[in-house]
Structure formats: structure tokens, C-alpha cells
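Just so it is clear, none of the values below were taken in a lab; they were calculated from the coordinates. Here the structure is a predicted model, which means the values were calculated and not measured. Using ideal geometry, Cβ is built from the backbone for each residue, glycine included, and neighbour counts are taken over all protein chains shown.
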Amino acid sequence: MSTPIEDYGLIGDCQTAALVGRDGSIDWLCWPRFDSDACFAALLGRPSNGCWRFSTEQEARITRCYRPGTLILETTFETGSGRACVTDFMLPRGRTSDLIRIVHGLEGEVQMCMEMVLRFGYGCTMPWVSRLKDGSLRAVAGPDMAVLRTPATLWGENFKTFAMFTMTAGRTLPFVLSYGPSHLPVPEPVDPVIVLQVERHERRGAARRLDGVVDLFQPADRAGDRDHMRAGFGERDRGRVSDAARGTGDERDTAGEGLHAGRQLASASSDNCRGEWSRAVRSVSGVG
């Protein structure tokens, strides 16, 4: 039996979205756009139609919430031996689309399993999976390609991908699934530690939408932020992105006093608006 729609949380990159169940399973994702065929379609069928789930070997109490003012979803598994958290989010869309899941060990030890059933065409098309030189997995089905990167040991069984691992307090284990057209080179790696940068991006976006303030960043700036989230950019570039995000330096000077006043107005009301936005997201998605 499928999970009720009200039990799903939503994460997305403004061009597509994934639905995450209360059990930590992604049961719906259309890639690369909202109107594309789904590659995870268990929502409308069975797990064999496509899903990506994390589970514990022991019985677990599961809770979840969004980070305030963001669409970053955290699902916490609490067993008799410890606690672990799975953080789910998608990067703001750039040249490719990236779905990131980061497992954090919080307390004690938790034995966990990752299972991925990737099926394009609403669960009808099984991709051809191969291992790349860097150890990542590439799945290709017609025009679609997905690449899974993680330091965890992966293996295939019955046309599914598995990983088993033990989470201890302080350990972090990232899983990054990236999409790209199959006729192009594989998507570039993503550094999962950019999660805090993504959170800041989400907070700015939520404040702009709710406060009704004119967007002070041009689309090219947001695309630049997204490209700089790719692995390997230098400290000088990090500083430029940070300066642009804060509106300091030349950007603030050229913005003028009118835009500075707009920022002050947004700051005065943003805390209340962010709270209302966060509560509305939880109410609509049924996240508790």
C-alpha cells in the first residue's frame, strides 16, 4: 500500500521536486523538470517502481522537521543503541540537478542500510549501470543519466543498489545523486559541505518571497552562486560569493541608498515572515 500523500515532505530546486516519506524514503522525483517522467515512482505503485530509502536494522522512532526558513528536511532515526539523522535537499538548479542526502551520527551507534531502486519512465525503464573510475555509479536509460557518488561501499543485487554502514556520534556520510543528459559528460562532483551555503540561499529566498521586497540579485548572480558550489573553487572565489550574498563591496555601493533602505525594511519584518512560512510548509506537507 502506498504512503498517503499527506505524509510526504517536499524538497526541490525550483525546476523539479522530490517527495520524502516519513520513513525517509524518496518515493517521487521527476527529472529533470516537473513535467518529466519520474525516476522514483513508488508513490503511484510499489518500491519496484523506483525509490531511494534509508532504514535502520533495529526498530526506530522516526521524527522529522525542516530547518527554519528552508526546504532542507531532516529525518531523525532513534533506536535503542543511538540516533542518526538524514538531511535531504536539492541544490539551486545550475547546469545539472543534484539531490543530496547526508547521514549524520548523533549519539551512540546506529546500523543503517541504503537501498536505491532507480527506474526511469515512471518505473518502466531499468537503466544500464556501470562503475566509473572514481568509484561512482552511472545509470543510463535513453536520454537520461544519473550518477551516484558516496564514500560508502556500494553493491548491486537484484537490479538494486545497496550500502550498509554504522553511524557513530560525529560521523558524516554523504550521498549525492546528480542528473544530466546521457549524451553529455557526467555531471561534475558536488562538495556536500555546501549545505550551510544552501541554507543561507534558502533563507534569502524565503525572505524575498514573503517580504515582497524586490529581488536584489540578478539571475546571473544566482547562477554564479550555484556554479561556485561545485567542488574545487578557491578561497578567493568563496569570498566573492560571500560578499555578493551580503551585498557588500561594489554591489552595495552600486545598489544605492534606496536599496539599502529596502534591506532595512526587510530585516525588520523577516523574522516574523520566516516563522509564518516555516509553519505553513509544515502544515501543508504534514511534517511533524
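What does the charge count near residue 58 come to, summing +1 for each Lys or Arg and -1 for each Asp or Glu among other residues with Cβ under 12 Å from its Cβ? Local net charge: -2. Modelled this way, with points 7 Å down the Cα-to-C-beta line, the labels at residue 111 and residue 172 are 2.7 nm from one another. Evaluated at q = 0.10, 0.16 Å⁻¹, the base-10 log of the normalised Debye intensity for the stretch 5-185, with identical point scatterers placed on the Cα atoms, takes the values -0.36, -0.96. Rounded to the nearest whole Hz, the Karplus-based 3J(HN,Hα) values (6.51 cos²θ - 1.76 cosθ + 1.60, θ = phi - 60°) of the stretch 11-28 follow the sequence 10, x, 10, 6, 10, 7, 8, 10, 10, 10, x, 4, 8, x, 9, 7, 10, 8, with x at glycine and proline. The slack in the chain from residue 81 to residue 124, taken as 0.36 nm per residue of separation less the alpha-carbon distance, amounts to 11.6 nm.
Summing charges over neighbours of residue 154, with a neighbour being any other residue whose Cβ is under 15 Å away from its Cβ, gives +4 when K and R count +1 and D and E count -1.
Charged neighbours of residue 117, selected by a Cβ distance under 13 Å, balance to +1 (K, R count +1; D, E count -1). With N the number of residues in the stretch 1-77, Rg(Cα) / (2.2 N^0.38 Å) evaluates to 1.10.
Relative contact order of the stretch 15-110: 18 percent, from C-alpha pairs under 8 Å at least 6 residues apart in sequence.
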